[in-house]
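Notes to accompany the following structure.
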Amino acid sequence: MTGSSFHADNAVYFDLTSLRQAATGFVQGARLLRKARAGDKAAATALKIGFWPFVEGFELAIDQQVLPREPLARKFGEPVMRRVFVRMARSVREMKSEEGSHAAHWRKDAECLGIRELGNDCVPAVQALIDSAYTKNLPRFFATLAGTEFIAEELARFLVDSEDFTNLFTRRRWVWGEVHLAPHDGPSHLEIDLDLARAYDNGTSPAAIERMVLETMSLFRKAADEVDASLLVAS
């Protein structure tokens, strides 16, 4: 057990390689994202508009979640719970200070793409993603956050290094993506999410948490296909 997490062995407890590969497959397999990477402005526009309700709603859902400390105190002891929570909170504050609001970055990037109004139209799978972030089942909540972070990192990796994509923006950068690839001195969002999913879980097996992470990833792929069908094809 380390000072900034409840578990020191998450890197071997979870099959992170398989989870990362799954996220890469979901991202690279989506036609919408492949077209955006190739410099298709309509696809990039559909991406920014179609996923905006989730990008905006996700931050709100996280802010409204209440994390009970009693289960963690019973499981790890009051001193450990307090120490880890304080250090996690500090890491999150530092990341927020460094990164800023992800929703604000998404909105500014959209402006640089020439989008005047993102709107609030929401395809069913994007709404399902938003709804999943409001669950009170804490292992599932943090698994949803972890799945989202896996997808965000792989989406950023897939698009940030494509000049065909970044040249679509007036500042020739996709800052939202850059933020998700920036290194951190302390634990990352993903590391914190997986640690807390495990901390709040009843300890049955890592497979249950991994399955929920994969379900979130799969829903992102479905959402990309629905955005493709409703916005890109319509355009």
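Can you confirm whether region 131-147 contains a residue that is buried (at least 20 other Cβ atoms within 10 Å of the Cβ), out of contact with any strand residue (DSSP E or B) (no Cβ under 8 Å at 6 or more places or on another chain), among the hydrophobic types (A, V, I, L, M, F, W, C) and outside any helix (DSSP H, G or I)?
Applying the first criterion (buried (at least 20 other Cβ atoms within 10 Å of the Cβ)) to region 131-147 yields 132-133, 140-147.
In the following step, the residues that additionally are out of contact with any strand residue (DSSP E or B) (no Cβ under 8 Å at 6 or more places or on another chain) were identified as 132-133, 140-147.
Still in the running and among the hydrophobic types (A, V, I, L, M, F, W, C): 133, 141-143, 145-146.
With the extra rule that they be outside any helix (DSSP H, G or I), the set shrinks to 133.
Yes - at least one qualifying residue is present in region 131-147.
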Output for region 202-215, where each listed residue is surrounded by 19 or more Cβ atoms within 10 Å (Cβ to Cβ) and within 24 Å of PHE85 (Cβ to Cβ)
ILE209, MET212, VAL213
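Show me the helices (runs of 4 or more DSSP H) entirely contained within region 1-64 in which 2 or more residues are closer than 27 Å to THR166 by Cα and either touching a strand residue (DSSP E or B) at 6+ places or on another chain (Cβ under 7 Å) or among the aliphatic types (A, V, I, L, M) (or both).
On the way: elements: 10-13, 16-28, 31-37, 41-50, 52-64.
Of the helices (runs of 4 or more DSSP H) lying wholly inside region 1-64, those with at least 2 residues that are closer than 27 Å to THR166 by Cα and either touching a strand residue (DSSP E or B) at 6+ places or on another chain (Cβ under 7 Å) or among the aliphatic types (A, V, I, L, M) (or both) span 16-28, 31-37, 41-50.
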Report yes if PHE51 is at pLDDT 95 or above, touching a Phe, Trp or Tyr at 6+ places or on another chain (Cβ under 7 Å) and aromatic (Phe, Trp, Tyr), otherwise no.
no
Given the criteria surrounded by fewer than 18 Cβ atoms within 10 Å (Cβ to Cβ), of a type in the set (Asp, Glu), closer than 27 Å to GLY50 by Cα and touching a residue at least 40 places away in the same chain (Cβ under 8 Å), does ASP193 qualify?
no
Region 126-140 residues that are within 19 Å of LYS48 (Cα to Cα), paired with ones that are surrounded by 15 or more Cβ atoms within 10 Å (Cβ to Cβ) and aromatic (Phe, Trp, Tyr) (beta carbon under 8 Å, 6 or more apart)
VAL126/PHE51; VAL126/PHE54; LEU129/PHE54; LEU129/PHE58; LEU129/PHE220; ILE130/PHE54; ILE130/PHE58
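The values are calculated or read from the model by the stated rules, or taken from the named source; none is laboratory data. As the structure is a prediction and not an experimental result, all values here were calculated from the model. We place every Cβ from the backbone using ideal geometry, glycine too, and count neighbours over all the protein chains shown.
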